[in-house]
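The structure appears below as structure tokens.
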Amino acid sequence: MLVNGIWKENWQPVQQADDDGRFIRQTSSFRNWVTADGSAGVTGAGGFRAEPGRYHLYVAYICPWASRALMARQLKGLAELVSVSVVNPVLTDQGWAFGGFAGSDEDTLNGARYMHELYTRADPTFSGRATVPVLWDKQTATIVNNESADIVRMFNSAFRDYVNDGPDLYPAALATEIDALNTYLYTELNNGVYQAGFATTQLAYKEAYGRVFAALDAMESRLADGRRYLFGEVFTESDIRLFVTLVRFDAAYYSLFKCNRNLLREMPNLHRYLHRVLAFDDVKATVNLAHIKAGYYSIRALNPTGIVPEGPGECVLPITSHGCHSVPDKY
């Protein structure tokens, strides 16, 4: 991690834990917002006007938080407006690195070898982890924001003067309900699997394990009435939050994070829902199972041998006699 802008120690999965061994996640540090007119957003300072080609998104396919931002970029038709770089999924002693793995990129924009170099470029005295996603401003050469929840909302609305494609991920009529469900999904499921996987005591693990499966059971029941998405026929940012955990569940969380009561494929409503969302080309383009497996199984504290399991295979869509396929759909 970085201490006052200097790399001090090798990357470790658990930066903080409480007295009972519960994993504590670092709070995002850069919280400026891109807005349509450049005014200040919900947090941070102004000066970041939505403009085509001005911003760059750094992501990791392995990371569910980064994948949220990447999904919003795709769904809202911003691929031509906001450029992107994908880091190497295999975690190094200096954290995220660029290049060296199929489907990852060199940092041709800033010439960095490691993500932490971009953090110190933005703030020479930064202390903490160099996480993804990172939304970078090419014009001022700094980090705008590294909080995925903020970036999703920026992408949903800030660029409407240039493109207004895809679903409204945060419709005003559902805002209160979305906020409440987002909080539940984050604490119980999105971060819950990490609290199970990175627990350092049996008590902390058992608590997290129980919350994870209580949340999965709740979402299985929510979808039992035949609704297409979490709020019926409307695809929202809550669906993005649920999807990024589901698509990693059988490949990583079930085994490596010990969330092994059952596989996701044994929960029929959630399994159908996963396939329904994954069938969208804009979603499928953000999922790279090879990166997901290589990344999670490179965590030495959990998998010291570094062996990556063969299954599940690259095809995670339903299989027919013609192989893998997706069915075009509407949001």
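The values are calculated or read from the model by the stated rules, or taken from the named source; none is laboratory data. Small disclaimer: the values here were computed from a predicted structure and weren't measured. Counting neighbours? That spans all protein chains shown, and the Cβs are built from the backbone with ideal geometry, glycine included. The protein model used for the area step is the full one, side chains on, heavy atoms only, and it has no ligands, DNA or RNA in it. Shrake-Rupley method; radii C 1.70, N 1.55, O 1.52, S 1.80 Å.
Scan the stretch 124-135 for residues that are touching a Leu at 6+ places or on another chain (Cβ under 7 Å) and either in a helix (DSSP H, G or I) or open to solvent by less than 40 Å² (accessible area, probe 1.4 Å) (or both) and report the count.
6
Tyr170 falls short of the stated requirement of being in contact (Cβ under 8 Å) with a residue 24 or more places away in the chain, of a type in the set (Ser, Thr, Tyr), open to solvent by 40 Å² or more (accessible area, probe 1.4 Å) and in a helix (DSSP H, G or I). Can you pull out the residues in the stretch 81-106 that are touching a residue at least 40 places away in the same chain (Cβ under 8 Å), open to solvent by 10 Å² or more (accessible area, probe 1.4 Å) and in a loop (DSSP other than H, G, I, E, B)? Scanning the stretch 81-106 gives Leu81, Val90, Leu91, Asp93, Gln94, Phe101, Ala102, Gly103, Ser104.
Return the only residue of Ala251, Ala199 being outside any helix (DSSP H, G or I) and either under 22 Å from the mean Cα position of the chain (by Cα) or farther than 22 Å from Arg276 by Cα (or both). Only one candidate qualifies: Ala199.
Give the number of residues within the stretch 273-292 that are open to solvent by less than 30 Å² (accessible area, probe 1.4 Å) and of a type in the set (Gly, Ala, Ser).
Initial filter on the stretch 273-292 (open to solvent by less than 30 Å² (accessible area, probe 1.4 Å)): 273-274, 277-280, 283, 286, 289, 291-292.
Next cut, of a type in the set (Gly, Ala, Ser) only: 279.
Selection size over the stretch 273-292: 1.
Condition test on Thr236, is it open to solvent by 20 Å² or more (accessible area, probe 1.4 Å) and of a type outside the set (Phe, Trp, Tyr)? Please lay out each step first, then the result.
Working: open to solvent by 20 Å² or more (accessible area, probe 1.4 Å): no; of a type outside the set (Phe, Trp, Tyr): yes.
For Thr236, the condition - open to solvent by 20 Å² or more (accessible area, probe 1.4 Å) and of a type outside the set (Phe, Trp, Tyr) - is not met.
Close Cβ contacts (under 6 Å, 6 or more residues apart or on different chains) running from residues in the stretch 261-272 that are open to solvent by 40 Å² or more (accessible area, probe 1.4 Å) to residues that are basic (Lys, Arg) comprise His271/Arg265.
Screening Val144 on (1) assigned to a loop (DSSP other than H, G, I, E, B); (2) among the aliphatic types (A, V, I, L, M); (3) more than 20 Å from Arg241 (Cα to Cα) shows it passes everything except condition (1). When Arg121 is tested against (1) assigned to a loop (DSSP other than H, G, I, E, B); (2) open to solvent by 50 Å² or more (accessible area, probe 1.4 Å), just one condition goes unmet, and that condition is (1). Each residue in the stretch 193-202 was checked for being more than 18 Å from Asp250 (Cβ to Cβ) and either open to solvent by less than 50 Å² (accessible area, probe 1.4 Å) or touching an Asp or Glu at 6+ places or on another chain (Cβ under 8 Å) (or both), and 4 of them qualify.
Phe155 meets each of the listed conditions (1) hydrophobic (A, V, I, L, M, F, W, C); (2) within 19 Å of the chain's Cα centre (by Cα); (3) over 23 Å from Gly41 (Cα atoms) apart from (3).
Test Tyr331 against the stated conditions and say whether it is modelled with pLDDT under 95 and among the aromatic types (Phe, Trp, Tyr). Against the criterion (modelled with pLDDT under 95 and among the aromatic types (Phe, Trp, Tyr)), Tyr331 qualifies. Restricting the stretch 203-233 to residues that are within 29 Å of Arg22 (Cα to Cα), among the hydroxyl-bearing types (Ser, Thr, Tyr) and surrounded by 13 or more Cβ atoms within 10 Å (Cβ to Cβ) leaves a set whose member that is farthest from the chain's Cα centre (by Cα) is Tyr205. What single numbered condition from (1) more than 14 Å from Ala72 (Cβ to Cβ); (2) over 21 Å from the mean Cα position of the chain (by Cα); (3) touching a residue at least 60 places away in the same chain (Cβ under 8 Å) fails to hold for Leu109? If we test Leu109 against (1) more than 14 Å from Ala72 (Cβ to Cβ); (2) over 21 Å from the mean Cα position of the chain (by Cα); (3) touching a residue at least 60 places away in the same chain (Cβ under 8 Å), just (3) comes out false.
From the list Asn4, Asn10, pick out the single residue that is farther than 19 Å from Thr142 by Cα, at pLDDT below 95 and surrounded by fewer than 16 Cβ atoms within 10 Å (Cβ to Cβ). Show your work before the answer.
Numbers: Asn4 fails: farther than 19 Å from Thr142 by Cα.
After applying the criteria, what remains is Asn10.
Suppose the filter is under 24 Å from Leu2 (Cα atoms) and out of contact with any Phe, Trp or Tyr (no Cβ under 8 Å at 6 or more places or on another chain); does Gly100 pass it? Answer is yes for this residue.
Report whether or not Arg160 is open to solvent by 60 Å² or more (accessible area, probe 1.4 Å) and assigned to a loop (DSSP other than H, G, I, E, B). Talk me through it step by step, then tell me what you get.
Details: open to solvent by 60 Å² or more (accessible area, probe 1.4 Å): yes; assigned to a loop (DSSP other than H, G, I, E, B): yes.
The answer is yes for Arg160.
Go through the stretch 264-317 and count every residue that is assigned to a loop (DSSP other than H, G, I, E, B) and either modelled with pLDDT of 95 or more or of a type outside the set (D, E, K, R) (or both). Total meeting the criteria: 25. Just so you know, in the stretch 13-29 the residues that are open to solvent by 30 Å² or more (accessible area, probe 1.4 Å) and not polar (S, T, N, Q) include one that is modelled with the lowest pLDDT, and it is Arg25.
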